[in-house]
Each structure stands twice: as C-alpha cells, then as structure tokens.
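Below: the structure, in structure tokens.
The values are calculated or read from the model by the stated rules, or taken from the named source; none is laboratory data. Remember, it's a predicted structure, so these values are computed and weren't measured experimentally. Because the Cβ atoms are built from the backbone with ideal geometry, glycine has one as well, and the counts that use them run over all protein chains shown. Quick note on the areas: whole protein, heavy atoms, side chains included, nothing else; ligands and nucleic acids left out. Shrake-Rupley method; radii C 1.70, N 1.55, O 1.52, S 1.80 Å.
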Amino acid sequence: QVQLVESGGGLVQAGGSLRLSCAASGRTSSSYGMGWFRQGPGKEREFVAAISGSSGVTYYRDSVKGRFTISRDNAKNTVYLQMNSLKPEDTALYYCAASIKIASTRSWQYDFWGQGTQVTVSS
C-alpha cells in the first residue's frame with residue numbers, strides 16, 4: 001500500500017505561483033509513475049501533469065504547458081508541481097496519484113490517491 005499526502009495549496013492572486021508537494025510513504029518505488037489531477041467546482045476530475053519513474057519523462061495538459069512543471073525527488077519520495085502564472089480557471093482541488101505500471105493521463109490507470117489540496121486563484 002502507498003500513502004500520498006499533498007500540501008502547498010492555498011489562496012493566491014491571478015498571476016501568482018504555488019508549489020504543491022506530494023509525499024509518498026509505504027511501499028513506494030522510484031519506478032512508479034506519478035501524476036497530478038484536479039477537480040474544479042462542478043467539474044469532473046481532469047489530468048494536469050505526470051512524470052514517469054524511470055526516465056522522468058513528463059506530460060502536461062495543454063492549458064498548463066509552459067506554466068506548470070512537475071518534478072520528483074526519489075530520495076525524498078516526493079513529487080512536486082510548480083505552478084506559475086496562475087489563472088482563476090486553475091482553481092480546483094488538486095490530487096496526487098501513483099501508478100505501479102505507467103505514468104498516464106488517464107485517472108483509471110492510477111492505483112493510489114491522496115486526499116487533495118485546495119488551490120484557489122482570485123481574479
């Protein structure tokens with residue numbers, strides 16, 4: 001079992017920055033694919049970014065490319081999401097997820113999930 005705990009959310013003005021962290025514990029592995037998803041008010045959960053375990057290849061949804069950066073520190077079992085130039089439409093509950101097999105844009109391919117951290121961007 002893997003436990004994931006997100007942190008770093010908060011209230012920020014449009015144009016500001018936040019860095020989310022996801023600390024993993026339990027049966028972790030540097031080979032696991034890690035992803036960030038978000039769910040805004042009245043919306044379905046959507047993919048934000050992912051990073052593979054072995055090669056560190058990254059994937060992003062189009063609307064965050066150039067603004068968000070996903071990274072991982074395997075020694076600390078932590079994944080980060082640096083979010084710059086935030087927009088009100090980025091407001092959502094952000095979830096961290098771990099996949100035993102693959103870094104994916106599809107939520108159903110993830111095996112473990114955190115509880116989420118709230119990001120609110122004011123205009």
Checklist outcome for this item: Lys and Arg at +1, Asp and Glu at -1: neighbours of Ser29 with Cβ under 13 Å from its Cβ sum to +2
Next on the checklist: For the ranges 39-50, 92-103, 74-85, what's the packing order if you count other beta-carbon atoms within 10 Å of each residue, average per peptide, and put the highest first?
Outcome noted: 92-103, 74-85, 39-50
Checklist entry - Excluding same-chain residues fewer than 8 positions from Lys65, which lysines have a Cα within less than 23 Å of its Cα? => result Lys43, Lys87
Next on the checklist: At a threshold of 8 angstrom on Cα-Cα distance, excluding pairs fewer than six apart, so keeping six or more, what relative contact order does the chain reach in percent?
Outcome noted: 36 percent
Checklist outcome for this item: Largest-first ranking of Ser104, Ser71 by accessible area, probe 1.4 Å, whole protein assembly kept, is Ser71, Ser104
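For Val5 and Glu44 in one chain, what is 0.36 nm times their gap in residues minus the Cα-Cα distance, to one decimal in nm?
On the way: separation 39, 0.36 × 39 = 14.04 nm, distance 2.11 nm.
Contour length minus Cα-Cα distance gives 11.9 nm.
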Checklist outcome for this item: Mean accessible area per residue over the chain (1.4 angstrom probe, all protein chains present, square angstrom) is 51 Å²
Checklist entry - List the aspartates and glutamates whose alpha-carbon lies under 17 Å from that of Lys76, not counting same-chain residues fewer than 8 positions away? => result Glu6
Checklist outcome for this item: Lys and Arg at +1, Asp and Glu at -1: neighbours of Gly53 with Cβ under 12 Å from its Cβ sum to +2
Next on the checklist: Compute, for the chain, the length of the dipole vector about the Cα centre, with Cβ point charges of +1 (Lys, Arg) and -1 (Asp, Glu) only. Units Debye, rounded to 20.
Outcome noted: 140 debye
Checklist outcome for this item: FRET efficiency for Lys76 and Ile102 from the Cβ-Cβ distance with R0 = 25 Å, rounded to 0.05, comes out at 0.65
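Heavy atoms only, 1.4 Å probe, whole protein assembly: order Asp73, Asp62, Asp111, Asp90 by accessible area, highest first. If you can, show how the numbers build up before the last one.
Details: Asp73 45, Asp62 120, Asp111 80, Asp90 0 Å².
Order by accessible area, largest first: Asp62, Asp111, Asp73, Asp90.
State the percentage of accessible surface on the chain attributable to carbon and sulfur atoms; use a 1.4 Å probe and exclude ligands, DNA and RNA. Write down the numbers at each step before the final one.
Working: 2910 of 6330 Å².
Roughly 46 percent of what the probe reaches on the chain is carbon or sulfur.
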